[in-house]
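The values are calculated or read from the model by the stated rules, or taken from the named source; none is laboratory data. What you see is a predicted model, and the numbers here were worked out from it, not measured in a lab. Because the Cβ atoms are built from the backbone with ideal geometry, glycine has one as well, and the counts that use them run over all protein chains shown. The accessibility values were calculated without ligands, DNA or RNA, using every heavy atom of the protein model including side chains. Shrake-Rupley method; radii C 1.70, N 1.55, O 1.52, S 1.80 Å.
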Amino acid sequence: MKIAVLVSGGGTNLQAIIDAIASGKITNTEIALVISNKEGAYALERAKNAGIEGRFISPKQYTDKEAYSQDMIKIIKDAGCELIVLAGFLVVLPESFVNAFEGKIINIHPSLIPSFCGDGFYGLKVHEKALERGVKVTGATVHYVDSGTDTGPIINQKAVYVKPSDTPEILQKRVMEEAEWIILPQAIDDIANHRI
Ligand code: GAR
């Protein structure tokens, strides 16, 4: 199964996928393409280091969202990708893009959906809100992407305990280590091997 990984930042989830393929935790899968909407994203460096084609494509390069959507659809289809993995991708995808790949887009979100998700909940903000609310357990969710924000069917979740001394940064790192980097590769392997 060829996959496209869409990223916006550091790309630690991309790295977890690259490593899981290399170690055989993910089988029957090849990353054909990494697309970043941020030009200097370290995720592109990670792709390059792994010998994977990385491209910088931003909606800002297009006259409108629809032109961006159609170009992204063509590039991903031309690369032969059967699954699109949003790994810290912070662009809200146009509906035409989501419809073109119905049931073929998955996302990692750094909370236990339906808590701390939806518009405005991304990256560190999710952990800031979780600490503000005083939850004692948080975690991460892998889900299919539909036309809403974080509303698609849930594939897997993993819980992580919050500690009294946590800052948003410390909690973000623990959620990545204990949940995201485990359940995202697992979901890809499950899809590649027809267990989902
Ligand atoms: C990850 O924590 C991911 O769950 C989150 O952005 C971070 C990206 O880190 N995604 C969202 O908040 C999506 N709503 P990474 O670039 O190191 O993988």
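Taking R0 as 22 Å, what's the FRET efficiency between GLU66 and ASP119 from their Cβ-Cβ distance, rounded to 0.05?
0.60
What dipole magnitude, in Debye to the nearest 20, does the chain give about its Cα centre under +1 on Lys/Arg Cβ and -1 on Asp/Glu Cβ? Working shown, then result.
On the way: 20 positive and 24 negative charges, 65 e Å.
Dipole of the chain, to the nearest 20 debye: 320 debye.
Determine the order of ILE3, ILE170 by accessible area, beginning with the largest, at a probe radius of 1.4 Å.
Working: ILE3 0, ILE170 90 Å².
Per-residue accessible area, sorted high to low, gives ILE170, ILE3.
With respect to the cross-link table entries LYS38/LYS129; LYS38/LYS65; LYS125/LYS173, which display a Cα-Cα separation exceeding 18 Å?
With Cα atoms farther than 18 Å apart: LYS38/LYS129.
Identify all aspartates and glutamates with a Cα-Cα distance to LYS163 below 19 Å; exclude those on the same chain that are fewer than 8 residues away in sequence.
Those aspartates and glutamates meeting the cut-off are GLU128, GLU132, GLU177, GLU178, GLU180.
With a 1.4 Å probe and all protein chains left in place, how much accessible area per residue does the chain have, in Å²?
Values: 9560 Å² over 196 residues.
Counting only protein heavy atoms, the per-residue value for the chain is 49 Å².
Please report the carbon-and-sulfur percent of the accessible area for region 1-92; probe 1.4 Å, protein heavy atoms only, DNA, RNA and ligands left out. Present the calculation step by step, with values, prior to reporting the outcome.
Working: 2140 of 4330 Å².
Here it works out to 49 percent.
Given 0.36 nm per residue, what is the gain on full extension from SER165 to ASN49 after removing their alpha carbon distance, in nm? List each step's numbers first, then the result.
Numbers: separation 116, 0.36 × 116 = 41.76 nm, distance 3.56 nm.
Length difference between fully extended and current span is 38.2 nm.
Could you pull out every residue, at least 5 positions away or on a different chain, whose amide H is within less than 5 Å of the one on LEU33? Hs are placed 1.01 Å off N in the peptide plane, and Pro or chain starts have none.
Under 5 Å from the amide H of LEU33 lie the amide H atoms of ILE3, VAL5, each far enough along the sequence or on another chain.
By per-residue mean of other Cβ atoms within 10 Å, what is the highest-first order of 97-104, 12-19? Intermediate results must be reported in sequence, preceding the final value.
Numbers: 97-104: 16.4, 12-19: 21.9.
My ranking of the peptides, most packed first, is 12-19, 97-104.
Quick one: how many Å² of ARG195 are accessible to a 1.4 Å probe, rounded to 10?
140
Which lysines, if any, have their Cα less than 22 Å from the Cα of LYS2, not counting same-chain residues under 8 positions apart?
Hits, sequence-local ones excluded: LYS25, LYS48, LYS74, LYS77, LYS104.
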